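Single-structure report; data block below.
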Amino acid sequence: MMIFHEYLLAQGQADLAQILKLPFVKGLGMGGLTQAQRNYYVAQDSYYVDQFIQLADQVTQALPAGFASAPNLGNDESDAHLGLAPSKEWSEIPIGQHNLAYLAHMQQAVAIADPVAGLIALLPCTESYYLIAQTLQAQHNAQGYQQWLNYYCSDAYQATVNWAWTTLDQLVPNYQDLAENQLQIYKDIYQKSYAYETSFWLEAGKIK
């Protein structure tokens, strides 16, 4: 029988498979992203990560007493960004509406003051980067942007993902016992975050 994070991950498999087929994500594994694409991604992700850190702090502060602190949730990801060799022009790129909409969705979920809802909203970003990097490493034998891949394949980042999964499973030890409407709310939050993750990668790939 699946535990809660496994149940959720099953709901996101189609989105994750779609993300792995997107041009920008393929480029991370194979190399060859343009300077403009890398600059755009770094601009969007730098802004996103700053906001994500604040939301992650709110979620961890809302956890019941006795729960372990997150090891690296929302950790500074500038090392991964440097691995894409952005030029100084990245700082002048405006923040995309898809990015702002994604953050608004997560802010709304965190504002519910239910740590399960907040953690679920953040989870697709946290877990998908690890799963994407692992897949790209295996598929392309480190032909792409190795510093980016190494960051998200690292033991430290994996510890962050494992913390999120474990904490969620502890908060909801038997998801089958949840009321049907509550489970649907959680699933909707999770799947909406994955849809925004897909948009995030899609928009980066549109840049020439």
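The values are calculated or read from the model by the stated rules, or taken from the named source; none is laboratory data. None of the values given here were measured: they were computed from a predicted structure. For neighbour counting, all protein chains shown are included, and Cβ atoms are generated from backbone atoms with ideal geometry for every residue, glycine included. With ligands, DNA and RNA removed, areas are computed over all heavy atoms of the protein, side chains included. Shrake-Rupley method; radii C 1.70, N 1.55, O 1.52, S 1.80 Å.
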(message) If I ask for residues that are closer than 23 Å to Leu20 by Cβ and not charged (D, E, K, R), which ones from the stretch 47-84 would you list?
(response) Tyr48, Val49, Phe52, Ala80, His81, Gly83, Leu84
(request) Output the qualifying pairs, or none if there are none: Cβ atoms under 8 angstrom, residues six or more apart or on different chains, first residue in the stretch 3-25 and without any contact (Cβ under 8 Å) to a residue 12 or more places away in the chain, second residue open to solvent by 30 Å² or more (accessible area, probe 1.4 Å). (result) Ala10/Met2
(request) Would you tally the residues in the stretch 64-79 being open to solvent by less than 70 Å² (accessible area, probe 1.4 Å) and either modelled with pLDDT of 95 or more or acidic (Asp, Glu) (or both)? (result) 1
(message) Based on this model, can you work out whether Gln44 counts as more than 13 Å from Trp148 (Cβ to Cβ) and open to solvent by 30 Å² or more (accessible area, probe 1.4 Å)?
(response) no
(message) Going through Gln37, Gln54, Gln11 one at a time, which residue ends up being modelled with pLDDT of 95 or more, over 16 Å from Tyr190 (Cβ atoms) and of a type outside the set (Val, Ile, Thr)?
(response) Gln37
(request) Could you tell me whether Lys208 is open to solvent by less than 60 Å² (accessible area, probe 1.4 Å) and either of a type outside the set (Asp, Glu) or in contact (Cβ under 8 Å) with a residue 12 or more places away in the chain (or both)? (result) no
(message) Looking at Val59, Val49, can you tell me which residue is surrounded by 17 or more Cβ atoms within 10 Å (Cβ to Cβ), β-branched (Val, Ile, Thr) and free of Cβ contacts under 8 Å to residues at least 40 places away in the same chain?
(response) Val49
